[in-house]
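Accompanying notes for the structure given below.
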Amino acid sequence: MLLRLLLLICAPLCEPTELFLIASPSQPTEGSPVTLTCMTTQSLPQWSVDQPQFRFFRDERVLGLGWSSSRELQIAAVWREDSGSYRCEAKTMAPKVLRSRIFQMNVRRVPISDVSLETQPPGGQVTEGDKLVFICSVAKGTGNITFLWYKGALGLNLGTKTQHSLTAEFELPTVRKSDAEQYYCAADNGDGPRPSGLVSITIRSPVSRPVLTITAPRAQAVVGDVVELHCEAPGGSPPILYWFYHEDVTLGSSSVPSGGGVSFNFSLTVEHSGSYSCEADNGLGAQRSEVVTLNFTAPVEKRRDRLTSGVIEGLLGTLGPSTMALLFCCWLKRKIGRRSASDPLRTPPSPVPREFTYLNSPAPVQLPPTYENVNVVSGDEIYSLVYSIQQEQAPAAVEPPGTHVENKDPLDIYSRLRKANVTDVDYEDAM
């Protein structure tokens, strides 16, 4: 009985104590904290009042400060390079040191997610000759990330960079027209590359100097013809805005969204003679065409009408009161001519065409007498009807001897002229 009791008392002390290490979490991800705990299968013997001591190892290198009374070790954040073999040790006052079994900890990377590609300048539009930067970024992912850039849907590799960051850049220092393509990037931190979406790049070029052509329905355009102005820039990225000018005065404008030229039509008038030009602009600098001169002919009738109306307008504007006096004189002249038609002694001659000359004169003055209806009455004597407009009534004319005047009128005065042949009478001298 006594032996059995001794065995029961000594059993906990005689059985070997095992030590083992656990990690929480057991398979951590990069950047997360980890707690290492050194555990035993049974309580350690308490042969003294001193607490047992613990220490931890990774790949046989001591972690922390060495021996500690705490059976736990806190690691704030682990990374991929923290993966390895871990163990712990424990000791009491007894000279024996207990060692745990090896614990293999693998730190997992945070997988790549949400890969995107951006450009600078933004929007994928860049001017030919400028710099273009591709920016590849990921929303999540740990460790060293390898970035790759590709051109075209088939994936022509342009460059590769590996760095410990979530973004990386690739630069084209000088873009050309051949760089207008689709691009994408990919990112890999060990779990395989993750691609971004496609980004289209547009290379914009300034417009070249436009060419202006003028088209008419005939070789020599005339007033009334419909004329077409056509402006086109041989090069330049659309959209392009065109402007048409006549003597530097804007006629109109038109925009083309996909390249090419534009036309502007109008019907010719005499005011359309002169020089024409056009301008092209796509936001990268405007270019002006060479000047084209348009000369055409106007119909003779229209030119005469324009000349006559211009002269009349000018004279009416400058002569004013003198013109009104001349018109009144002509009216009075017709009236006297109608009155003399009833006089058998006077035979109206055929009308003599006259050409009036209008001068710029001061205030109206008394007009010179007008001679009309020159006739041979008897023998070689010549009489003429004289009428005049006077400010005051003139004294009555002396009737020549042997002359009988009928239907005497205050405005009708008969006067004997010098002896001469009828053919010597000069009507304009009489004026």
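What follows is calculated from the coordinates using simple rules that are stated; it is not laboratory data. Note that the coordinates shown come from a computational prediction; the quantities given were computed from them, not determined experimentally. Every residue, glycine among them, receives a Cβ derived from its backbone with ideal geometry; neighbour counts consider all protein chains shown.
Between ILE102 and THR297, what is the label-to-label distance in nm when each label sits 7 Å out along the Cα-to-Cβ direction?
Taking the two extended label points, one gets 11.1 nm.
Roughly speaking, what is the stretch gain from SER275 to VAL226, that is 0.36 nm per residue apart minus the C-alpha to C-alpha distance, in nm to one decimal?
On the way: separation 49, 0.36 × 49 = 17.64 nm, distance 1.68 nm.
The SER275-VAL226 span can extend by a further 16.0 nm.
Please list the non-local residues whose amide H lies under 5 Å from the amide H of ALA233, H modeled 1.01 Å from N, same-chain partners needing a gap of 5 or more.
Counting only residues 5 or more places away or on other chains, the set is VAL211.
Could you give the length gained by full extension between LYS91 and PHE266, i.e. 0.36 nm per residue of separation minus their alpha carbon distance, to one decimal place?
Details: separation 175, 0.36 × 175 = 63.00 nm, distance 10.74 nm.
My answer for the length gained is 52.3 nm.
Convex hull over the Cα atoms of region 211-294, averaged projected area in nm²?
Computed as one quarter of the Cα hull surface, the answer is 5.3 nm².
Which value, in debye to the nearest 20, gives the size of the charge dipole of region 92-240 about its Cα centre, when Lys and Arg are +1 and Asp and Glu are -1 at the Cβ? Let's see the in-between values first.
Values: 15 positive and 13 negative charges, 248 e Å.
I would put it at about 1180 debye.
Residue by residue through region 282-297, which ³J(HN,Hα) values in whole Hz follow from phi under the Karplus form 6.51 cos²θ - 1.76 cosθ + 1.60 (θ = phi - 60°), with glycine and proline marked x?
10, x, 10, x, 8, 10, 10, 7, 6, 7, 10, 9, 10, 10, 8, 10
If I take R0 = 45 Å and measure r between the Cβ atoms of PHE20 and ASN144 in this structure, what FRET efficiency does the formula 1/(1 + (r/R0)^6) give, to the nearest 0.05? Could the numbers behind the result be given before it?
Working: r = 33 Å, r/R0 = 0.74.
The computed FRET efficiency comes out at 0.85.
Between LEU156 and ARG288, take the C-beta separation as r, use R0 = 45 Å, and let me know the FRET efficiency to the nearest 0.05.
Working: r = 41 Å, r/R0 = 0.91.
FRET efficiency, LEU156 to ARG288: 0.65.
Given points 7 Å out from each Cα along the Cα-Cβ axis, report the HIS164 to SER69 separation in nanometres with one decimal.
So the two model labels end up 3.7 nm from each other.
Per residue of region 170-176, what does 6.51 cos²θ - 1.76 cosθ + 1.60 with θ = phi - 60° give for ³J(HN,Hα)? Whole Hz please, x for Gly and Pro, Karplus curve as stated.
Each residue's phi maps through the Karplus curve to give 10, 10, 9, x, 9, 8, 10 Hz.
Mind pulling up the Rg/Rh value for region 113-204? Radius of gyration and Kirkwood radius, both on Cα.
Details: Rg = 12.9 Å, Rh = 13.2 Å.
Here the Rg-to-Rh quotient is 0.97.
Give the long-range amide H neighbours of SER83: residues separated by 5 or more places, or on another chain, with amide H under 5 Å away, using H modelled in the peptide plane at 1.01 Å from N.
Amide H neighbours of SER83, under 5 Å, 5+ apart: VAL107.
In region 28-179, with Lys and Arg counted as +1 and Asp and Glu as -1 at Cβ, which of these residues, VAL138, GLN51, VAL126, has the Cα nearest the positive end of the dipole, that is, farthest along it?
Final value for the positive-end residue is GLN51.
Quick one: HIS246, HIS164, fewest Cβ neighbours within 10 Å first, how do they rank? Don't skip to the answer; put the middle values down first.
On the way: HIS246 17, HIS164 10.
Ranked by crowding around the Cβ, least crowded first: HIS164, HIS246.
Would you mind estimating how fast region 103-152 diffuses translationally, via Stokes-Einstein at 10 °C and 1.306 mPa s with the Kirkwood radius over Cα pairs, in µm²/s? Intermediate values should be presented prior to the final figure.
On the way: Rh = 13.7 Å.
Translational diffusion coefficient: 116 µm²/s.
What ranking do 222-234, 169-181 get when scored by the average of other Cβ atoms within 10 Å per residue, highest first? All intermediate terms of the calculation are to be shown ahead of the outcome.
On the way: 222-234: 17.0, 169-181: 13.5.
Peptide ranking by packing, descending: 222-234, 169-181.
In a solvent-free Debye calculation with one equal scatterer on each Cα, what is log10 I(q)/I(0) for region 16-105 at q = 0.14, 0.17, 0.18, 0.25 Å⁻¹, listed in the order of the q values?
After summing over all Cα pairs, the log10 values are -0.48, -0.69, -0.76, -1.32.
Using a cut-off of under 12 Å, list every residue of region 176-192 whose amide N is near the label point 7 Å from the Cα of LEU198 along the Cα-to-beta-carbon line.
181-184
For the pair LYS177 and ALA77, how long in nm is the line joining their label points, each one 7 Å along Cα→Cβ?
Using points 7 Å along Cα→Cβ, the separation is 5.1 nm.
When the Karplus curve 6.51 cos²θ - 1.76 cosθ + 1.60 is applied with θ = phi - 60°, which whole-Hz ³J(HN,Hα) does each residue of region 225-234 get, with x for Gly and Pro?
5, 8, 10, 10, 9, 10, 10, 8, 8, x
Hey, with R₀ at 30 Å, roughly what FRET efficiency would ILE214 and THR127 work out to, going by the Cβ-Cβ distance, to 0.05?
On the way: r = 33 Å, r/R0 = 1.09.
Efficiency for this residue pair is about 0.35.
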